[in-house]
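The values are calculated or read from the model by the stated rules, or taken from the named source; none is laboratory data. In this text, all values refer to a predicted model and were calculated from it rather than measured experimentally. When we count neighbours, we look across all protein chains shown, and the Cβ atoms used for this are built from the backbone with ideal geometry, even at glycine. Quick note on the areas: whole protein, heavy atoms, side chains included, nothing else; ligands and nucleic acids left out. Shrake-Rupley method; radii C 1.70, N 1.55, O 1.52, S 1.80 Å.
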Amino acid sequence: MSNSEHVPPAGTTTPAAPSRRQFLAIVGGAAASVTTGCQNGFRIFGYDVGAGALYDQNIRTVYVPLFNNREFQTTPYRGFEVDVTQAVIHEIGKTTAYRVTSDPSKADTELLGNVVMIQKMIQNLNQQNQIREAEIQVAVDVVWRDLRDGTILSNPRKPRQGPNPKLDGPPVPFDPSVPVPPDRTPLERPTPVRILATGRLIPELGETNASASKRIQDQIAVQIVSMMERKW
């Protein structure tokens with residue numbers, strides 16, 4: 001017997017190694033838990049991880065109507081607002097825990113978009129006056145509104161203002177005989193967020209208006225979903 005071999009003491013038993021089926025079950029369960037955590041978020045050591053840490057968990061549903069298009073365009077950009085709306089809906093479902101609904105009466109929030117500019121800039125021509133390089137620029141104005149109380153979620157967060165107990169004195173005791181004054185808080189006015197995206201177009205590399213538009217739509221969708229993250 002070599003010195004490297006280990007002999008367990010008398011009266012002790014060596015634990016049996018898990019079988020192949022048990023090992024695969026453990027690995028599969030761990031992978032499933034990680035996948036679920038990435039989509040819906042989870043808590044570890046008291047901290048939120050995943051989508052739950054980035055997005056407001058009090059919001060569950062988003063209504064995304066078809067974006068408007070103020071920039072009149074013909075082929076090849078006709079129907080651009082339809083494609084960018086679909087890209088935004090896909091990105092919301094892929095990245096966040098929000099559920100997109102087609103019924104505004106059952107939605108917590110609504111996301112409104114307006115295409116305000118589609119511009120193609122030619123940067124280089126060949127000797128036959130054909131496009132060698134161009135760039136497409138698109139601008140979209142976005143407003144995200146809470147349908148429950150009218151709060152404009154996409155507006156910049158304002159500092160909280162309230163009474164100062166040291167300056168305003170002690171609170172007035174509650175008197176049930178005094179009627180409650182009406183709420184005269186003015187509704188918050190929306191300030192659209194301008195989203196800008198560009199797409200390169202080089203025909204010699206096989207790039208077309210369609211491929212450039214697809215890149216732009218994906219960029220806009222990612223920027224909008226990033227805008228929907230919870231404010232710190």
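Hey, can you tell me all the residues within the stretch 202-232 that are without any contact (Cβ under 8 Å) to a residue 12 or more places away in the chain, within 30 Å of N58 (Cα to Cα) and surrounded by 14 or more Cβ atoms within 10 Å (Cβ to Cβ)?
Matches in the stretch 202-232: none.
Are any residues in the stretch 95-138 small (G, A, S) and under 18 Å from the mean Cα position of the chain (by Cα), and if so, which ones? Before you say what the answer is, go through the steps one by one.
Taking the stretch 95-138 first, the residues small (G, A, S) are 97, 102, 105, 107, 113, 134.
Selection gives A97, S102, A107, G113.
Here is a list of conditions, (1) outside any strand (DSSP E or B); (2) open to solvent by less than 30 Å² (accessible area, probe 1.4 Å); (3) not aliphatic (A, V, I, L, M), and Q127 meets all of them except one; can you say which number that is?
The failed condition is (2).
Among the residues of the stretch 81-101 satisfying the criterion of being among the charged types (D, E, K, R) and free of Cβ contacts under 8 Å to residues at least 60 places away in the same chain, which is most open to solvent (accessible area, probe 1.4 Å)?
Once the filter is applied, the top-ranked residue is R99.
If you take the residues of the stretch 102-124 that are open to solvent by 60 Å² or more (accessible area, probe 1.4 Å) and among the charged types (D, E, K, R), which of them is nearest to D56 (Cα to Cα)?
The extreme case among them is K106.
Within the stretch 47-64, identify whether any single residue is at pLDDT 90 or above and either part of a helix (DSSP H, G or I) or among the hydroxyl-bearing types (S, T, Y) (or both), and answer yes or no.
Looking for residues that are at pLDDT 90 or above and either part of a helix (DSSP H, G or I) or among the hydroxyl-bearing types (S, T, Y) (or both), one finds at least one in the stretch 47-64, hence yes.
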